[in-house]
Amino acid sequence: MSYVRRTLGKSERVLFTTGYHWLYWLGVILLLVGPLVAVPLSTSNDKARIFLAVLAIVPFAYGIYRLVHGWALEIAVTSDRFVKKSGLVSIKTEEVSLDKIEEVSIEESIAGRIFGYGTLHVHGTGAGKIRVVLVKDPINLRREIQTAREQLKVKGEQ
């Protein structure tokens, strides 16, 4: 069961979840597969091949790290809050109540506009600022946050 689902309040429900864009996962695959392909295709010199194999450990290890990081990431909008959870062994959560959100902003590069990814900034009252990079469809995520905030206002007025 996900962290967000385990920490829901009695009347709270998950409205939207998302994660990293497919380009993040492509980068992870290249970090994992690239070294495994490059070493066997390298020169026939045994010393050079051993050197390249040792050198290939660094991107491969970083690929494993990014893979675990991507699996452990949870981004969710619930009926009461916005949550970003990262970490597998040691967990770091960043949460802000929907009624405490002051601003939601998006950064999209040209490539981000073409491929549908970007960086989302959620600013809460006080010191709360959550940054989510390489998130898929950040405009839809922003829309879901705004919709949840509006529903919370209507619910509070009743």
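K129's amide H: which non-local residues (gap 5+, or another chain) put their own amide H closer than 5 Å, with H modeled 1.01 Å from N in plane and none for Pro or chain starts?
G124
Work out Dmax and Rg for region 78-150 from the C-alpha atoms and quote the Rg first, both in angstrom.
Every Cα atom of region 78-150 included, Rg and Dmax give 12.6, 35 Å.
Over the chain, what is the mean sequence separation of C-alpha contacts under 8 Å (at least six apart), divided by residue count, expressed as relative contact order in percent?
With pairs under 8 Å counted, the relative contact order is 23 percent.
Sequence gap of 8 or more, or different chains, plus Cα separation below 21 Å: how many lysine pairs satisfy both in the chain?
Value for the chain: 18.
Between N45 and L15, 0.36 nm times their residue separation minus their Cα-Cα distance comes to what?
5.1 nm
Over 27 Å, how big is the tail of the calculated P(r) for region 13-158, in percent of all Cα pairs?
Taking all Cα-Cα pairs of region 13-158, the fraction more than 27 Å apart is 38 percent.
Once both labels are modelled 7 Å past Cα along the beta-carbon direction, what's the T119-R131 spacing in nm?
Roughly 0.5 nm, to one decimal.
Once the dipole of the chain is set up with Lys and Arg at +1 and Asp and Glu at -1 on Cβ about the Cα centre, which of H121, S11, I106 lies farthest towards its positive end?
S11
Any idea what the dipole of region 98-141 comes to, in debye rounded to 20, about its Cα centre with Lys/Arg Cβ at +1 and Asp/Glu Cβ at -1?
140 debye
Rule-based calculations on the coordinates, nothing more; no lab input. Everything quoted here is computed from the prediction, not taken from an experiment. Note that we place each Cβ from the backbone using ideal geometry, even for glycine, and neighbour counts take in every protein chain shown.
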